[in-house]
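Derivation of every value follows stated rules applied to the coordinates shown; laboratory data play no part. From a predicted model like this one, the values you see are computed outputs, not experimental measurements. Virtual Cβ from ideal backbone geometry, glycine too; neighbours counted across all protein chains shown.
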Amino acid sequence: MTMPATIKRVLPQLAALVVILALNTAIAPGFLDIAYANGRLYGSLIDILNRGAPVALLAIGMTLVIATRGIDLSVGAVMAICGAVAAALITGDHSLAATILMTLGVGILCGLWNGALVAFLGIQPIIATLILMVAGRGIAQLITEGVILTFNDPGLIFVGSGSVFGMPFPVILWIVIGIAASLIFRTTALGLLVEAIGINRRASALAGIGTSALLLAVYAASGLCAAVAGIVAAADIRGADANNAGLWLELDAILAVVVGGNSLMGGRFSIAGSLIGAMIIQSVNTGILLAGFPPEFNLVIKAAIIVVILVVQSPASHTLFAFFKHRPGRAAETPAGAAKPEEGGAR
Amino acid sequence: MIGREPLLRADGVTKEFFGVTALSNVDFELAAGEIHALVGENGAGKSTLIKILTGAYRRDRGRIALEGESIDPADVMDAQKLGIGTVYQEVNLLPNLTVAENLFLGREPKRFGLTSPREANRRSREILSQYGLDIDVTAVLATYSVAVRQIVAIARAVDLSGKVLILDEPTASLDAAEVSRLFSILEDLKARGLGIVFITHFFDQVYRIADRVTILRNGQKVATRPIAGLERIELVSMMLGRELQEQEAHGAEPVDYSKKPVVASFEGVGKRGRIAPFDLTMHAGEVVGVAGLLGSGRTETAELMFGIAQPDEGRIAVDGRPASFSSPREAIHHGFGFCPEDRKLDGIVDDLSVRENVILALQARRGWAKPLSRKEQEEIADRYIAALDIRTSDREKPIKFLSGGNQQKVILARWLATDPRLLILDEPTRGIDVGAHAEIIRLIGELRERGMSLLVISSELEELVAYATRVRVLADRRHTGELEAGAITPDTIMRAIAAGEDETPGDRGGKGRAAEILAEGAA
């Protein structure tokens, strides 16, 4: 992947982000101001980067899962489980390193469970991950024993509210993990193989791709991202709230991936696109708050803005643009195999 | 039935899909009280024809008349009202409703404006009793076997339409007893004066039940013939589009392959319900052609050889060492390659570029951690684009924008890039243009000369003659014979297929007529 191609791919998302930010500036004149105080940057922009961290983290794993033509509904619940595990371990006098490693391990296990249901049992991803979505909160409640499990470990709290070079630590986390994931998938053949599975799993298996192992890996990656997001969310409030941690965030993560220009039908994916998508969603949230609308309007306005973004990105509108740009007449370019009118029941 | 206006008549029916002609000027007629078989290989146009008759598709040209009156069914409902009912292979009923609800779906008996389940149940029992079916009509349909569901579907179609009944491969998933039961029902309906159109791939059934048969090939009608007096060999030749004629064997020279190195051997490899155990030894530098009608077990053979399906008996050896493949991945690691029959479904990864499609199998074999560099990928892609003359404006073009023939060449390139020792090609020339067709046939010859071992499945007998060094003949999910180089002509292949089809499944052990004719061909 050359840089220009990568940037070209996310241009529509960047444009949408700029428009939203411009709207926010129009609503709240001080929106773009950034101040430096107490060794930390402050301002609405920094706030967006920071508040958007959990969804951005989830969107990284979700992008990979969706690229395989799957979906992971369980990430919000996995966040709750991992937050609870982290809180339970750290209050159980485990070291910070052990707590984090074991929590990440639990996230990976959750992902492997999903992946096994999808890859080996052939359960549809939406159903397979729905199981953990429902069960996960129960598991988290069992771990916290029904209370909000609070902790005071400064190391763990740093993950949620510390800062490095003035930047909130969660921001560093999602940017670093996002870049790392992109590098891992784009400098190895993983990206291509994942895309191939998402476009045509059967043909991929026939070409010798280990589809089951890759599916497991991708769901495990999603679980890992959810674990990091769960630690961030718990560290942010210094406690594990089994009922509300990560609630509905799976939907925001899916939305971020889609707003990021990735198709739910799988195939070509861009982690950068999804991360920008996550920031678009957070900018919309922040903008609505800044505009001072009554809170009951928030969700409706958010939905309306997202519909506009999706319509602009939709294939139908692309066709429409293309129609106005060039006159139609390149019908000869249609795929020759598209019309296969006869029966295909060869076996 | 002669002299009167036929019950259903189609004249010059033509249908195109996006410029591809699926049916060209087809005439068809069905008499009342007749069972009319419709046969043809895949892509012959059978489904298109019945979909036009039943209103699922609109014809582009032509005329359809029912009892002498022109009709133009707008949709399936319309055709049903006119009297044309259809039962598809996958029964088109709702398994979660009761038998009675299915029978009366959309036309529930009413009482004071409310539906009356009691009335529906009573009438359902009455209807089904005509078919000798005494079942609980209030039970959910899914609790019954496919055979019962099929009868319910037929009962519904007959009750609804009552003039013409169209059955699309109704016996595909039935056992012998169920088929007999279905046939006795069809005989009853025939006696009641219905016209029945019956699509099947099984010749036995055509001969058992049909009065006449219409053969379609490549969207055109080949002939309509009474079954009485029609030789099987003639039927096969019409389906495959080959005239019976004496022809010199040509193509590959006879070679003694037993002296060439063995690449892989399959001994007694079989899978119940898919393909009877077969022996096959693949040598370097030979092309084994596989011939047989649709459903004869050709693809199933390839699937066992490539690890797509796992045999439940038999031994496989590669280079003399025992091997077993639990997935295509393992077969590929032994140097196997497989170009599937359904290019679109199993071959191309349509959104990926030509380059990515070419390197996919090689990359998969190297593993994800050892990526081919962009430069290597481009070199490989360019090499095969040139070598196989793949027509694409750009190696980065998504493969879905290429023509069928060029897509097929890309899939071939995908395997050639892995430098396979055994390459299995399932219908490599189906649905591709004439130019690409000739190039692929030439390529098969070249690969053989380079010492590759090839197994090529094809319905095109001329093609098999051109490149095969021996031909395996399959019928009824068994390997029924083999033709050696020198004895391979379209005629001998066709006779061997017909002879194989002729054997009853019972006399597995006996060689029967197939062996006789094969011996004759070899002589």
**Request:** Quote the charge dipole size of the protein assembly as shown about the Cα centre in Debye, to the nearest 20; the model charges only the Cβ of Lys and Arg (+1) and of Asp and Glu (-1).
**Result:** 1620 debye
**Fill in**
Row for the range A:1-159, column shape: gyration tensor on C-alpha, a ≥ b ≥ c, rounded if a/c < 1.5 i.e. under 1.5, prolate if a/b over b/c, else oblate; value oblate
**Asked** So between B:GLU16 and B:LYS81, what do we pick up on full extension, going 0.36 nm a residue minus the alpha carbon distance?
**Response** 20.8 nm
**Message:** Using only the alpha-carbon atoms, how far is helix B:434-449 inclined from the longest principal axis of chain B? Give it as 0 to 90 degrees, nearest 10.
**Reply:** 50 degrees
**Request:** Starting from the range A:131-208, pick out the chymotrypsin sites (Phe, Trp or Tyr not before Pro) whose DSSP state is loop and whose Cβ has at most 16 other Cβ atoms within 10 Å.
**Result:** A:PHE165
**Item:** Relative contact order (percent, whole number), chain B, Cα cutoff 8 Å, 6+ residue spacing
**Value:** 14 percent
**Message:** Over chain A, with a Gaussian network built from C-alpha contacts below 10 Å, which listed residue (A:PRO295, A:PRO12, A:PRO168) shows the highest mean-square fluctuation?
**Reply:** A:PRO295
**Message:** I need B:HIS333, B:HIS36, A:HIS318, B:HIS283 ordered by Cβ neighbour count within 10 Å, fewest first.
**Reply:** A:HIS318, B:HIS333, B:HIS283, B:HIS36
**Request:** Just check the range B:250-406 against the gyration tensor rule for me: Cα atoms, a ≥ b ≥ c as the square roots of the eigenvalues, rounded for a/c under 1.5, and otherwise prolate or oblate depending on whether a/b exceeds b/c.
**Result:** prolate
**Message:** Under 8 Å for C-alpha pairs, at least 6 residues apart: give me the relative contact order for chain A, rounded to a whole percent.
**Reply:** 31 percent
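Provide a whole-number value for the mean count of partner chain Cβ atoms within 10 Å of the Cβ atoms in peptide A:208-215.
6
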**Asked** Can you give the calculated 222 nm mean residue ellipticity of chain B, where each DSSP H run of n ≥ 4 adds -39,500 (n - 2.57) and the sum is split over every residue, rounded to the nearest 500 deg cm²/dmol?
**Response** -10500 deg cm²/dmol
**Item:** Antiparallel content of DSSP bridges confined to the protein assembly as shown, in %, to 5
**Value:** 60 percent
**Prompt:** Where a Cα-Cα gap under 20 Å defines reach, which lysines qualify for B:LYS15, not counting those fewer than 8 residues away within the same chain?
**Reply:** A:LYS340, B:LYS46, B:LYS51, B:LYS221
**Asked** Among A:GLY260, A:GLY83, A:GLY198, which one moves the most in a GNM of chain A with springs linking Cα atoms closer than 10 Å?
**Response** A:GLY198
**Asked** Which of B:ILE359, B:ALA369, B:LEU412 sits farthest toward the positive end of the charge dipole of the range B:348-418, with +1 on the Cβ of Lys and Arg and -1 on the Cβ of Asp and Glu?
**Response** B:ALA369
**Request:** Measure off 7 Å from each Cα along the Cα-to-Cβ vector at A:PHE293 and B:VAL262, then give the distance between these two points in nanometres to one decimal.
**Result:** 7.5 nm
**Request:** Under a cut-off of 24 Å between alpha-carbon atoms, report the lysines in cross-link reach of A:LYS302, not counting same-chain residues fewer than 8 places apart.
**Result:** none
**Request:** Starting from the Cα of B:LYS259, draw a straight line to each of the lysines and keep only those under 18 Å, dropping any in the same chain fewer than 8 residues away.
**Result:** none
**Complete:** The exposure ranking of A:THR68, B:THR418, fewest beta-carbon neighbours within 10 Å first, is B:THR418, A:THR68
**Fill in**
With DSSP loop assignment and no more than 10 other C-beta atoms within 10 Å, the trypsin sites (Lys or Arg not before Pro) in the range B:1-72 are B:ARG4
**Complete:** Counting only DSSP beta bridges fully inside chain B, the antiparallel percentage to nearest 5 is 55 percent
**Message:** Could you tell me which residue out of A:LEU45, A:LEU104, A:THR188 lies farthest along the dipole of the range A:9-323 toward its positive end? Charges go on the beta carbon: Lys and Arg +1, Asp and Glu -1, centred on the Cα centre.
**Reply:** A:THR188
**Item:** Of A:GLY198, A:GLY162, A:VAL176, farthest towards positive along the dipole that unit charges on Lys, Arg, Asp, Glu beta carbons give chain A
**Value:** A:GLY198
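Indicate the gyration tensor shape class of the range A:9-323 (rounded, prolate or oblate), computed on the Cα atoms with a ≥ b ≥ c the square roots of the eigenvalues: a/c under 1.5 is rounded; otherwise a/b larger than b/c is prolate and the rest oblate.
oblate
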**Asked** What is the order of A:LEU173, B:LEU464, A:LEU310, fewest Cβ neighbours within 10 Å to most?
**Response** A:LEU310, A:LEU173, B:LEU464
**Estimated inter-spin distance, B:ASP72 and A:TYR42, nm [label 7 Å along Cα→Cβ]** = 7.7 nm
**Fill in**
Here the whole-number average of other chain Cβ atoms within 10 Å per Cβ of A:189-198 is 5
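Sorted by packing (mean other beta-carbon atoms within 10 Å per residue), highest first, where do B:118-125, A:57-64 land?
In decreasing order of mean packing, B:118-125, A:57-64 become A:57-64, B:118-125.
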**Prompt:** In a GNM of chain A with a 10 Å cut-off on Cα contacts, which of A:THR129, A:THR211, A:THR25 has the highest mean-square fluctuation?
**Reply:** A:THR25
